[in-house]
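The values are calculated or read from the model by the stated rules, or taken from the named source; none is laboratory data. Computed from a predicted model, the values in this text were never measured in an experiment. Positions of Cβ are generated from backbone atoms using ideal geometry, with glycine treated the same way; all protein chains shown enter the neighbour counts.
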Amino acid sequence: MIKRIVVGPIQENCYIVSSGSSCVIIDPGDEPKRIIEEVAQRDIKGILITHGHYDHIGAVNELRDYYHTNVYATKDAKDMMLDWDENLSVMLGGEKYIVDGVKAIKDSITLGEMKFEIYETPGHAKGSCLYYYENALFTGDTLFKGGCGRVDFPTGDKFSLLKSLSRIKNLELDADVYPGHGPESTLSFEKKNNPFLSF
């Protein structure tokens with residue numbers, strides 16, 4: 001089961017992915033109390049981060065302390081979360097916010113009974129990645145319905161994003177797309193209709 005919670009002033013999508021009584025939180029960007037209410041009595045197996053921007057990590061410290069759980073991200077995203085200029089916390093939140101102690105991951109991770117495949121997709125930000133679980137693809141700010149992430153923030157890179165979008169276009173997955181902002185989609189729909197996947 002996948003539950004989307006839209007949080008914060010930038011309307012970021014936080015996801016609670018559940019299997020039985022266990023769950024994983026993806027990109028808790030804000031409003032930790034709301035997220036805790038939605039999690040209810042489930043057993044938290046970890047927090048996954050698609051990239052290190054503040055609107056995707058702004059509730060991580062509160063949730064990690066509350067649940068005593070681990071936080072996981074790619075190595076570059078982990079580094080980005082330690083730098084308040086790169087993670088945009090001063091720009092977006094008006095505070096110097098960092099997340100330390102993050103565990104670096106690559107290729108795949110199993111949390112409880114849930115195995116997530118990891119696809120690194122830098123471009124919107126260094127260390128950006130997708131998580132694939134069953135038929136769900138969590139794309140962060142790399143891919144949106146009909147669009148893609150911007151590249152004008154620190155660590156953004158147009159050519160890296162184009163390479164990442166090409167990788168997504170070539171994924172042979174039958175997947176529902178759960179982006180970091182905006183509505184859900186499907187990978188087949190995006191391959192046919194998203195102008196950023198038409199090259």
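May I ask you to list the residues in the range 6-22 that are part of a strand (DSSP E or B) and without any contact (Cβ under 8 Å) to a residue 60 or more places away in the chain? Scanning the range 6-22 gives Val6, Val7, Cys14, Ile16, Ser18. Residue count for the range 118-152, restricted to those that are surrounded by 15 or more Cβ atoms within 10 Å (Cβ to Cβ) and among the acidic types (Asp, Glu): 2. Checked against (1) surrounded by 24 or more Cβ atoms within 10 Å (Cβ to Cβ); (2) at pLDDT below 95, Ala40 passes all but condition (1). For the range 63-104, the candidate set comprises residues that are outside any loop (DSSP other than H, G, I, E, B) and in contact (Cβ under 8 Å) with a residue 40 or more places away in the chain; within that set, the residue that is surrounded by the fewest Cβ atoms within 10 Å (Cβ to Cβ) is Lys75.
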